[in-house]
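The values are calculated or read from the model by the stated rules, or taken from the named source; none is laboratory data. Being a predicted model, the structure only gives us computed values, none of them experimental. Here the Cβ positions follow ideal geometry from the backbone for every residue, glycine too, while neighbour counts run over all protein chains shown. We work out accessible area using only protein heavy atoms, side chains counted, and drop any ligands, DNA or RNA first. Shrake-Rupley method; radii C 1.70, N 1.55, O 1.52, S 1.80 Å.
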Amino acid sequence: VDQNPFTNCYCTSTATTVDDEDIFNVTMGTLNNSSTCATLAPGPGSAKNRYSNYKTLTPGNIVTGNMPFSVQVGTCGGNFSNAIAMWIDYNQNGAFETTEKVYGSPSTTVGPHVETGFAAIPSTALTGVTGMRVIVDENTSTAMLPCGTYAWGETEDYLVNIQPCVPLSGITTPATVTAECSGIGIITAN
């Protein structure tokens, strides 16, 4: 009997309507994916403006530590309060657990915006390819769940390749920067 890889076993998450907020870009490490209201993601189960399965793309390389990211929220309708949240399955068990929420908006924002921050990926995270989920949810408290349905917004799923941060030697950086990591080409920060 063939078994699915754990990256195909995540719970479902989707908006129930196609209007209003959508994710237009996710950037973290070497992952940089843009879409529009007209984009249908290439992966199985994708539903335009509700759920986008980008796990068929090449996994983006990320490192442990505080990983800088940006998420661009756009609109396919009206402008309402919204928040984002992000989970990474860093124990690679096929579930987005509450302890694997690596970022949540500190408050809601009205309408399109770019949200930047740092995803906290613990040094205990298993290295290798695993799942990442990003959700924008309208009119929500900032305490989003990784599974289930919600009215307006979008869920996007990705694969990321977690690697340990191997600092480059001889780098002089500001106090907020911990290291520039080889193989990633980005700087991690506190």
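Odds and ends about this structure:
- Failed criterion for Ser52 (all others in (1) buried (at least 19 other Cβ atoms within 10 Å of the Cβ); (2) within 11 Å of the chain's Cα centre (by Cα) hold): (2)
- Residues of the stretch 94-136 that are open to solvent by less than 20 Å² (accessible area, probe 1.4 Å), of a type outside the set (S, T, N, Q) and in contact with a Gly (Cβ under 9 Å, 6 or more places away or on another chain): Gly94, Phe96, Gly111, Ile121, Gly131, Met132, Ile135, Val136.
- Filter result for Val71 (in contact (Cβ under 8 Å) with a residue 60 or more places away in the chain and under 20 Å from Leu145 (Cα atoms)): yes
- Any hit, the stretch 77-89, residues being at positive phi, in a loop (DSSP other than H, G, I, E, B), open to solvent by 60 Å² or more (accessible area, probe 1.4 Å) and at pLDDT below 95: no
- Restricting attention to the stretch 30-69, the residues being part of a loop (DSSP other than H, G, I, E, B) and over 11 Å from Tyr158 (Cβ atoms) number 15.
- Residue match in the stretch 141-162 (condition: within 24 Å of Lys48 (Cβ to Cβ), among the small types (Gly, Ala, Ser), open to solvent by less than 40 Å² (accessible area, probe 1.4 Å) and part of a loop (DSSP other than H, G, I, E, B)): yes
- In the set Asn4, Asn93, only one residue is without any contact (Cβ under 8 Å) to a residue 12 or more places away in the chain and within 20 Å of Val129 (Cβ to Cβ); that residue is Asn4.
- Subset of the stretch 31-49 (residues that are open to solvent by less than 70 Å² (accessible area, probe 1.4 Å) and hydroxyl-bearing (Ser, Thr, Tyr)): Ser35, Thr39, Ser46
- Of the residues making up the stretch 7-29, just one is open to solvent by 60 Å² or more (accessible area, probe 1.4 Å) and not in a loop (DSSP other than H, G, I, E, B), namely Asn8.
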